[in-house]
Amino acid sequence: MADRNQGVAAVLSSLKGKDFLSSGDLSALQISALLELAMQLKNAERRIDLGNRVLGLIFTKASTRTRVSFQVAMARLGGQTVDLNPQVTQLGRGEPLKDTARVLSRFCDVLAVRTFEQKELIDYAHWASIPVLNALTDIEHPCQALADFLTVKETFGEVEGKTLCYIGDGNNVAHSLMICGSLLGVNIRVASPKGFEPLSEMMNKALELSQAKAKIEIFNNPLEAIRGAEAVYTDVWASMGQEEEQSVRAKAFEGFCLDEELFSKADSNAIVLHCLPAHRGEEISSGLFESVSSRIFDQAENRLHVQQALLAAVLGGL
Ligand code: CP
Ligand code: NVA
């Protein structure tokens, strides 16, 4: 055990002071070490006390899981968080991001940012002198993907060689799954209606990172994509910021509801995943959401453990 801990610590020491803006910022080895540490923290085999470190939370969009899991993770590490929502800071009155990032770097030890444009997150990372973590942008949700693959690992004991099928919008969650999955050697199949597929640059990035270890495929037919998959995942059809497209999207996504009939074509031991919040009766049937195959609430819990591991690594507490 002591040797294993030293191995994990040696790999994760390379993350000290680093930003986490995209799933592609981590190597396969670093992701595996983070998942191992997260599992140890979850099983109470490890306790890490970082002393009184402070995480600043800049959230431009709503959040339950990400915000609370970061707050609890920091508390468990012996630190604390400060809420820096644009509505309550001078950001909301137009103070430039580059000034805000430099000031907050003098007070905080790490920042987690949830915003719309990936470019804004990159600007925070550029101007801040402390690590900046992606708490969701329109393009990626990399902390979510870490929790998702921890859930797959817990269920099956390993992730490499497994097949995860994502059914729905080719959005931020799909992008991070593709990139993180490709690094871990997980075959990823995404089924989206025409016009709602993942961005081609994200597909290319995933293919490049997979080094042919994993198959990354895009389908327009969910029945073709789901066949034999061991993990089946879905997310809302209209993400935050797309609310006014809801009715157009509901029409475009007809036939893409993950229900019992579609799920019956997956592997007989397959699990159901959803990042939440969910719209029952739209992207997922109520029955499947509540079924014995669902690991959705383990997946939500795992946000806490992977983010605790990530914070310990970037703050150099191992
Ligand atoms: N899955 C997720 O990120 O949930 P929140 O929007 O509640 O943070
Ligand atoms: N794709 C969703 C994920 C929410 C956690 C959104 O961006 O709103």
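Each reported figure results from applying straightforward, stated rules to the coordinates on display, with no laboratory input. Because the structure is predicted, anything quoted here is derived from the model rather than measured. Reconstructed Cβ throughout: ideal geometry from the backbone, glycine too, with neighbour counts over all protein chains shown.
Results, tabulated for the structure shown:
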item	result
Within the range 107-150, tally of residues that are more than 12 Å from ligand 2 (Cβ to nearest atom), within 21 Å of Val314 (Cα to Cα) and part of a loop (DSSP other than H, G, I, E, B)	6
Test result for Thr100, within 16 Å of ligand 1 (Cβ to nearest atom) and either without any contact (Cβ under 8 Å) to a residue 40 or more places away in the chain or among the hydroxyl-bearing types (Ser, Thr, Tyr) (or both)	no
Checklist (1) among the acidic types (Asp, Glu); (2) more than 16 Å from ligand 1 (Cβ to nearest atom); (3) closer than 25 Å to Gly241 by Cα applied to Glu158, failing item	(3)
Unique match (being of a type outside the set (Asp, Glu) and touching a Leu at 6+ places or on another chain (Cβ under 7 Å)) among Val190, Val186, Val173	Val186
The range 51-74, residues that are in a loop (DSSP other than H, G, I, E, B) and either crowded, with 18+ Cβ neighbours inside 10 Å or not hydrophobic (A, V, I, L, M, F, W, C) (or both)	Gly51, Asn52, Arg53, Thr60, Lys61, Ser63, Thr64
Qualifying residue in the range 224-245 (condition: part of a helix (DSSP H, G or I), touching a strand residue (DSSP E or B) at 6+ places or on another chain (Cβ under 9 Å) and surrounded by fewer than 23 Cβ atoms within 10 Å (Cβ to Cβ))	yes
Unmet requirement for Asp99, which otherwise passes all of (1) touching a Phe, Trp or Tyr at 6+ places or on another chain (Cβ under 7 Å); (2) surrounded by fewer than 18 Cβ atoms within 10 Å (Cβ to Cβ)	(1)
The range 268-310, residues that are away from ligand 2 (no atom under 13 Å from the Cβ), of a type in the set (A, V, I, L, M) and in a loop (DSSP other than H, G, I, E, B)	Ala270, Val292
Hey, Lys42 out of contact with any Phe, Trp or Tyr (no Cβ under 6 Å at 6 or more places or on another chain), within 23 Å of Asn172 (Cα to Cα) and among the basic types (Lys, Arg) or not	no
The range 151-176, subset more than 11 Å from ligand 2 (Cβ to nearest atom) and in a helix (DSSP H, G or I), residue surrounded by the fewest Cβ atoms within 10 Å (Cβ to Cβ)	Phe156
In the range 223-277, residue nearest to the chain's Cα centre (by Cα) [restricted to those that are under 13 Å from Gly168 (Cβ atoms) and small (Gly, Ala, Ser)]	Ser239
From Ser210, Ser293, residue being hydroxyl-bearing (Ser, Thr, Tyr) and touching a Ser or Thr at 6+ places or on another chain (Cβ under 6 Å)	Ser210
Residues of the range 214-268 satisfying the condition of being within 16 Å of ligand 1 (Cβ to nearest atom) and farther than 11 Å from Cys165 by Cβ	Asp235, Val236, Trp237, Ala238, Ser239, Met240, Gly241, Gln242, Glu243
